[in-house]
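Structure first, commentary second.
The values are calculated or read from the model by the stated rules, or taken from the named source; none is laboratory data. What you are looking at is a predicted structure, and each value in this text was computed from that prediction instead of being measured. Here Cβ is always computed from backbone atoms with ideal geometry, including for glycine, and neighbour counts include all displayed protein chains.
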Amino acid sequence: MNDFFLAEGRSVTLPFGNSKVAVQQLKMHNLDVWFPAAIAVKTFLEKKDYSDEILTKLFTSHGLQVLHLLELTTGKKQAELMQYVDDEQGFKLLIKTMLEVNVAYFKEPKPRQRTKSGDEQSSWFNAFQLLITAGHQHSAILQMSYGCFMNYLKAAQKVNMDDKKLDANVIRVAHHSDKKGFEKFQSELSKH
């Protein structure tokens, strides 16, 4: 899914019995509801593709978690979803679509572990604060899809790091140049 698909919070519509179903992106506002099921599915799928064989094994091993995620992403009750399990190809397509629509979570690489002692444990509040500092509203963040949230977070982290690099360069130039040289440097910065 592309950046605009994520940013718009779009869905994918599929045939579902005699009607259609929209498969939505997982949202931040109910992360605590979908995360336990999603982590089990993500762990199972680690380094695997979405072939029919793998999807069959996934449903056999984690059927309740898959149904829970489908319920959250389609708005259909589990009992209604179970009526279509007999349509094996259609049901696998529904599972595959749910995984692909939420690829930002299911194919997200594992985060690097910090090994320095004394590092403060990061929390969702730290991530929210960074986005709020970048101009996002708390209520808007909660309505973002997980993929949109992660991409905005990466962008805010990049801007934050670029600002720190600029600050370091300004300090270095100020330390090593005379007044005229520093004023020239400042005027160059103003042009951009």
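Here are the numbers:
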read-out	value
Qualifying residue in segment 127-140 (condition: exposed (fewer than 10 other Cβ atoms within 10 Å of the Cβ), aromatic (Phe, Trp, Tyr), modelled with pLDDT under 90 and under 23 Å from Gly9 (Cα atoms))	no
Any pair with Cβ under 7 angstrom, 6 or more apart, that starts in segment 48-70 at a residue that is in the same structural domain as Asp86 (by TED's automatic domain parsing) and closer than 12 Å to Glu88 by Cβ and ends at one that is charged (D, E, K, R) and assigned to a helix (DSSP H, G or I)	Asp52/Lys92; Leu55/Lys92; Leu55/Lys96
Test set (1) more than 13 Å from Leu99 (Cα to Cα); (2) surrounded by 15 or more Cβ atoms within 10 Å (Cβ to Cβ) - Lys20 fails condition number	(2)
Failed condition for Glu71, given (1) more than 26 Å from Leu153 (Cβ to Cβ); (2) not in a helix (DSSP H, G or I)	(2)
Any chance Lys57 is part of a loop (DSSP other than H, G, I, E, B) and over 18 Å from Phe149 (Cβ atoms)	no
Cross-chain or 6+ apart pairs with Cβ under 6 Å, segment 19-34 first and outside the structural domain of Thr74 (by TED's automatic domain parsing), then not in a helix (DSSP H, G or I)	none
Qualifying residue in segment 29-38 (condition: out of contact with any Cys (no Cβ under 9 Å at 6 or more places or on another chain), within 18 Å of Trp124 (Cβ to Cβ) and outside any helix (DSSP H, G or I))	no
Boolean, Glu8 is of a type in the set (Asp, Glu) and surrounded by fewer than 17 Cβ atoms within 10 Å (Cβ to Cβ)	yes
